[in-house]
Every structure is written in structure tokens, then in C-alpha cells.
Amino acid sequence: MAKTITNVILVAGILSLVIGFVLAYQMANQQPGMPQGAGQESARINWRSFFQIYFQFFTNGMILIGVSEGIRLLQKIHDKKPAGVMPILYRKGKQEPLEDWEERERMEESDWQLSEEDVMKIYDLFQGEAILELLPSPFDHHCAVKVQREDGPVVEVVDVSGPEAKETDDWEMERRVREWYRESV
């Protein structure tokens, strides 16, 4: 539906440009008091009148084209999948699948899987920050999350077992997940 509306507004904008050009040319080409007819020489164009008339059509046409592009971009954003629902075995925001089969098998051996709900919890925890990497660890309900901060990328250990994700309080679990992360990356 939005694509149809966008196309209609775009066509209206282009028509405004074309029709405006033709009308401005015709009106600027006429001399006052002398109707154009067969056998008459064409009058010289009055450029000042041409640009005054065409400017109005040009402005309206550009506004319509801009509105149609705005609607198209907003629809594209609306149709795009949220970033929090990306597949588990992807890395570094590039959405390239992991090629290391041993690492993939090791991840599949763990008892738990990172669900979309868990991913959304993590994205809620790090709102406003760029998540570069999100890896489920082999330890239940703990993930290694690489986040871009002002001083550079930082790896955080997140517990997703509760109703909300939180950075883990268990220093032993944090040490084990960080050690696993260094080995796997």
C-alpha cells in the first residue's frame, strides 16, 4: 500500500516539473496583446517570466518528490527486521556466518540455546550502544557481548536467566566466560 502511495506522489512530483516547464515556456513566450496563431513569428521568450512561473512548479514538484522518498525510506525502515532478532551464530554486526565448524559444534553441544527473547533482553540492556558481537557461552544462561564504548570495544558477560538481562555478579562465572571467549575468538 505504501509503495503505491509513494509511486503516485513521485509521479505527481515529476508531472509537476514537466507540466510546469511547458506552461512556463508557453506563458513566457507570449507577448501581451498579440495572440499566437498560424503564420505569426514566434515571440522572444521573456526569461524573467519563465523563471518566476517555473519556480512555483519546480518547488511543488521537488516537495512532492521529497515526500515520496521520505515515505519510501520510512517504509523501508519499518519493513526491516529489528537488529535484536539476528541469528545466534553471526558475528561483528556484518552478519557473516561463522566458518569455524569446531566452534559451531561446541556451541551446539551446550544444553541451552539463546532465544530471540534472550537476544531482545540483551539489546534492551545495552540500549543506545553498538553491539559488535553476541555469543552464547557453553555455560548456562551466560553470554559474551562485545560492546562499542567511547574508549573502544569492551566484552561484557551477561546473565539472561532472569526476566531481564544483567551483567553477571558471579566473578567466577565471569572469569570462565571471558576465558572461553578468548579461546573461541
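Nothing in this text is a laboratory measurement; each read-out follows from the coordinates by a stated rule. Computed from a predicted structure; not experimentally measured. Note that we place each Cβ from the backbone using ideal geometry, even for glycine, and neighbour counts take in every protein chain shown.
What the table below lists for this structure:
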{"read-out": "Efficiency of FRET from Cβ geometry, I45 and V11, R₀ 41 Å, rounded to 0.05", "value": "0.90"}
{"read-out": "Rounded to whole Å, sorted largest first: equivalent-ellipsoid semi-axes of the range 136-185, Cα gyration tensor", "value": "17, 14, 9"}
{"read-out": "Cα-Cα over 21 Å, subset of K3/K80; K76/K166; K146/K166", "value": "K76/K166"}
